[in-house]
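Reading through the structure tokens given below for one structure.
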Amino acid sequence: MHHMLNEIIPLISQYGLWVIFFGMILEGTIMIIVTGILCYLGMISFSSALLVSIIGAIVGDQIWYFIGRKYSIYFLKKFPRLKHRIFKLKSSIFNKGYLLAFSSRFIYSAAIIFPIALGSYKYNYKKFTFFDALGVIIWSLIGILFGYIFGNSAEYMFGEITKIWHFILLIIISISIVYILKYYYTHKKNLN
């Protein structure tokens, strides 16, 4: 039980990049921090993790953009709250669509909403792809570095991460921080 973490290293080495890829498509904020932690622990190389994170995030954003572009009427009927939020973005899309494409990964919960909105209003695909890719590259680099620093800080505070439960606790703490920040951001936004 002492070095169970060593037992999952081959598993993460074998499947970790695939988990990162699909995790970036589905939920990027937590996945990017976990990716940085995995890099810090030496389970995945930084360059591979960065490349896969970028590709996964761009693929995910492209999927959401095309859902908005091709299926927005059907999709938004099923999700009326999303329809309302996208409608509120209409003027921003026509005035500053490039900024929405660039910043979607930096704003929690915008990684899905902004690409769908841009697709729904038929924002220029080439501009979307360029500014989205630029934002994703910067966001991935910052996110992985943040996770790396967080892993280093956790090890400094709590000691060497050698047991599986240390690793799981670190992931739970990461997820908790993201959800606390999300709650704070959402609560603050609702008060304004």
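The values are calculated or read from the model by the stated rules, or taken from the named source; none is laboratory data. Keep in mind it's a predicted model, so treat the numbers as computed, not measured. Cβ sites come from the backbone with ideal geometry, for glycine too, and all protein chains shown count toward neighbours.
So for segment 57-75 (the condition being closer than 11 Å to PHE21 by Cα, surrounded by fewer than 19 Cβ atoms within 10 Å (Cβ to Cβ) and in contact (Cβ under 8 Å) with a residue 12 or more places away in the chain), does at least one residue qualify? Scanning segment 57-75, I find at least one residue that is closer than 11 Å to PHE21 by Cα, surrounded by fewer than 19 Cβ atoms within 10 Å (Cβ to Cβ) and in contact (Cβ under 8 Å) with a residue 12 or more places away in the chain, so the answer is yes.
Conditions (1) acidic (Asp, Glu); (2) surrounded by 19 or more Cβ atoms within 10 Å (Cβ to Cβ); (3) outside any loop (DSSP other than H, G, I, E, B); (4) at pLDDT 90 or above, marked per residue:
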| site | (1), (2), (3), (4) |
| --- | --- |
| MET1 | no, no, no, no |
| ASN6 | no, no, yes, no |
| ILE12 | no, no, yes, no |
| TYR15 | no, no, yes, no |
| ILE20 | no, yes, yes, yes |
| MET24 | no, yes, yes, yes |
| MET31 | no, yes, yes, no |
| VAL34 | no, yes, yes, no |
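Exactly one residue among ILE32, ILE44 is under 16 Å from the mean Cα position of the chain (by Cα) and within 28 Å of ILE144 (Cα to Cα), and that residue is ILE32. Meeting the requirement of 3 or more residues that are at pLDDT 90 or above, out of contact with any Phe, Trp or Tyr (no Cβ under 8 Å at 6 or more places or on another chain) and among the β-branched types (Val, Ile, Thr), the helices (runs of 4 or more DSSP H) wholly within segment 41-143 are 46-78. Here GLY36 does not fit the description of being touching a helix residue (DSSP H, G or I) at 6+ places or on another chain (Cβ under 6 Å) and either within 25 Å of SER120 (Cα to Cα) or of a type in the set (Phe, Trp, Tyr) (or both).
With respect to the conditions (1) in contact with an Asp or Glu (Cβ under 6 Å, 6 or more places away or on another chain); (2) touching a residue at least 40 places away in the same chain (Cβ under 8 Å), ALA101 lacks only one, and its number is (2). Can you name the residue in segment 144-165 that is surrounded by 15 or more Cβ atoms within 10 Å (Cβ to Cβ) and small (Gly, Ala, Ser) and, of all such residues, is modelled with the highest pLDDT? This residue is GLY147.
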